[in-house]
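First up is the structure itself, then whatever we jot down about it.
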Amino acid sequence: MTEKHMTKKQLKEDPFFEEIAHIIGFFQKKQKTILIIGIILIIAIGGFFGNKVITQQKNTQAVGYFGIAMDYYNKNNMAAAEDQFNLLAEQYGTTDWGKRGYYYLGLISRKLGQPEDESVIYFETFISSNIKDDALKTSAYQLIGTYYYRNGDALAAGENYLEAAKHALVKTDKLAYGIRAAESYIEIGESAKLDAVLNYLTGLDLDENELNRINVLANF
């Protein structure tokens with residue numbers, strides 16, 4: 001049986017081969033543009049994975065410095081701990097561990113008897129970061145709230161106590177900090193803000209005794 005071959009004319013008129021020819025022609029005309037796009041994609045992908053590797057390396061290094069700083073902190077060597085946390089915050093401030101460094105710098109500042117407003121700056125730097133660490137943020141908001149309350153700013157105190165309540169991990173802490181916020185607003189007659197706190201608290205899963213505590217505040 002003889003093998004049948006398509007002629008050039010038949011190949012040219014065949015829709016499938018005609019489409020292939022169009023595709024080849026397109027790539028031949030656009031090969032410079034396609035080459036440039038390919039190079040851009042390679043650079044972009046390489047940059048993405050390169051940045052990912054660098055970020056992982058920085059996180060690993062930051063963990064090491066954080067561990068050293070915490071060791072000094074737990075041994076009550078506040079001067080050395082302060083140096084390490086400062087190094088951590090300055091060189092690895094974009095990492096979660098570097099951001100946590102600001103929280104501990106606030107605690108150390110308090111322990112060293114430095115001006116309270118310096119501690120507050122550290123705590124506010126920490127909470128303004130995008131780190132997800134509700135436990136430490138609860139503590140930071142509570143400490144800031146106490147600072148403002150002691151210094152006669154009940155409005156700022158209430159705002160920070162409420163944030164502490166919202167970040168708290170357990171209901172008892174949410175209730176305790178929420179009540180502090182409510183009491184701060186009661187002192188300065190901020191009824192609208194008091195109502196907002198009470199609405200937040202009544203939205204929690206409270207038992208009868210806890211609800212009674214909230215109702216007492218509502219009567220002020």
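Quick note: the coordinates plus some simple rules give every number you see, no bench work behind them. Just so it is clear, the model here is predicted, and its values are computed rather than measured. Positions of Cβ are backbone-derived with ideal geometry, glycine not excepted, and every protein chain shown enters the neighbour counts.
In what sequence do F220, F126, F85, F66 fall when counting other Cβ within 10 Å, fewest first?
F220, F66, F126, F85
Could you put S139, S191, S184 in order, starting from the residue whose Cβ has the fewest other Cβ atoms within 10 Å? Numbers along the way, then the final one.
Working: S139 20, S191 11, S184 26.
Neighbour counts put them in this order, fewest first: S191, S139, S184.
Taking neighbour Cβ counts within 10 Å as the exposure measure, how do Y103, Y148, Y185 sort from fewest upward? If you can, show how the numbers build up before the last one.
On the way: Y103 24, Y148 19, Y185 27.
Ordered from fewest to most neighbouring Cβ atoms within 10 Å, Y103, Y148, Y185 come out as Y148, Y103, Y185.
Expressed as cubic angstrom per residue, what is the convex hull volume of the alpha carbon set of region 68-188? Please report the intermediate quantities before stating the final value.
Numbers: hull volume 11.6 nm³, N = 121.
So the per-residue hull volume is 96 Å³.
Could you go through region 178-194 in sequence order and give the Karplus-derived ³J(HN,Hα) for each residue, using 6.51 cos²θ - 1.76 cosθ + 1.60 with θ = phi - 60°, rounded to whole Hz, and x for Gly and Pro?
x, 5, 4, 4, 4, 5, 5, 5, 4, 4, 10, x, 8, 5, 5, 5, 4
So if I restrict to the alpha-carbon atoms in region 57-114, what is the Rg, and what is Dmax, the biggest pairwise distance, in Å?
So, for region 57-114, Rg and Dmax equal 10.4, 35 Å respectively.
Given axes a ≥ b ≥ c from the Cα gyration tensor, I'd like to know whether region 133-220 is rounded (a/c under 1.5), prolate (a/b larger than b/c) or oblate.
Working: a/c = 2.19, a/b = 1.09, b/c = 2.01.
Oblate, because a/c is 1.5 or more while a/b does not exceed b/c.
I'd like the distance separating the alpha-carbon centroids of region 175-207 and region 56-87, in whole Å.
Result: 38 Å between the Cα centres.
Give the dimensionless ratio obtained when the Cα radius of gyration of region 79-141 is divided by 2.2 N^0.38 Å. The partial results should precede the final answer.
Values: Rg = 10.7 Å, N = 63, 2.2 N^0.38 = 10.6 Å.
Relative to the rule-of-thumb radius for its length, region 79-141 sits at 1.01.
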